[in-house]
1. From the list VAL44, VAL60, VAL26, VAL83, pick out the single residue that is out of contact with any Pro (no Cβ under 8 Å at 6 or more places or on another chain), surrounded by 15 or more Cβ atoms within 10 Å (Cβ to Cβ) and more than 20 Å from ILE131 (Cβ to Cβ).
2. Going through the stretch 39-53 one residue at a time, which ones are assigned to a loop (DSSP other than H, G, I, E, B) and in contact (Cβ under 8 Å) with a residue 40 or more places away in the chain?
3. Residues to consider are PHE86, PHE61, PHE100; find the one that is touching a Cys at 6+ places or on another chain (Cβ under 7 Å) and free of Cβ contacts under 8 Å to residues at least 12 places away in the same chain.
4. Checking LYS106 against (1) surrounded by fewer than 18 Cβ atoms within 10 Å (Cβ to Cβ); (2) of a type outside the set (Asp, Glu); (3) without any contact (Cβ under 8 Å) to a residue 60 or more places away in the chain; (4) over 19 Å from ILE18 (Cβ atoms): exactly one of these is not met. Which one?
5. Within 15 Å of VAL26 (Cβ to Cβ), hydroxyl-bearing (Ser, Thr, Tyr) and either at pLDDT 90 or above or surrounded by fewer than 20 Cβ atoms within 10 Å (Cβ to Cβ) (or both) - does that describe any residue in the stretch 141-152?
6. Looking at this structure, is SER143 touching a helix residue (DSSP H, G or I) at 6+ places or on another chain (Cβ under 9 Å), touching a residue at least 40 places away in the same chain (Cβ under 8 Å) and over 19 Å from ALA70 (Cα atoms)?
7. Which one of the conditions (1) more than 17 Å from the chain's Cα centre (by Cα); (2) closer than 16 Å to GLU33 by Cα does ARG172 fail to meet, given that it meets all the rest?
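The values are calculated or read from the model by the stated rules, or taken from the named source; none is laboratory data. These figures come from a predicted structure and were not determined experimentally. Neighbour counts run over all protein chains shown; Cβ positions are idealised from the backbone, glycine included.
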Amino acid sequence: MLYFLIPIPNSQSRGAPIIIIGYFFVVGGWLLEIAALLLPDWIVFSDGGPSYGILPYPSVFSNFGWAVAACWLMYIASALCFVIFFFYIAFLHILKKHGFSLQLRKFYYTLSILSLINGALLFTSYMLFAIGIDSFARKYPHSSIGFAVYIDLISAMIYFISGPLYIVFARRFCPMPLF
């Protein structure tokens, strides 16, 4: 059993709610990002035509540079999403072993930077689809953005909120050394 997935620190219970909030940000962003990647409703047709998703890569997107760039950004963001998720699991494991310490600040800062980068990748992917759908609609009438694009945007917002929040966590719960 993966006992270290339960985010409860062993020695200092004052930070347990903060760790649980951070855990839900990581897991929530991860689940939404994977759902956005796997759902086939990135571009939908109002006349009942086929809807297109990111995975598997549709050949229709190869005619549009913005769609290709958005797909690659989503692939990179999804890989980074797995890195963030497993990084947070390792962070929880270290936290359960040693409690809050100064060494955990680097984990919080790294998690913050990775979350902000992932949020930027997801938001850029959303913006490419939102701006480029007009050129797609000129070639394929009755097409519009599907709900998976908005799930991508919500995931980006979760990562943008959690990035600075991890810095606050690091400054609040990881003690500074006394010189």
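1. VAL26
2. Answer for the stretch 39-53, where residues must be assigned to a loop (DSSP other than H, G, I, E, B) and in contact (Cβ under 8 Å) with a residue 40 or more places away in the chain: LEU39, PRO40, ASP41, TRP42, SER46, ASP47, GLY49, SER51, GLY53.
3. Within the list PHE86, PHE61, PHE100, the selection yields PHE61.
4. (4)
5. No, the stretch 141-152 contains no residue that is within 15 Å of VAL26 (Cβ to Cβ), hydroxyl-bearing (Ser, Thr, Tyr) and either at pLDDT 90 or above or surrounded by fewer than 20 Cβ atoms within 10 Å (Cβ to Cβ) (or both).
6. no
7. For ARG172, the failing item is (2).
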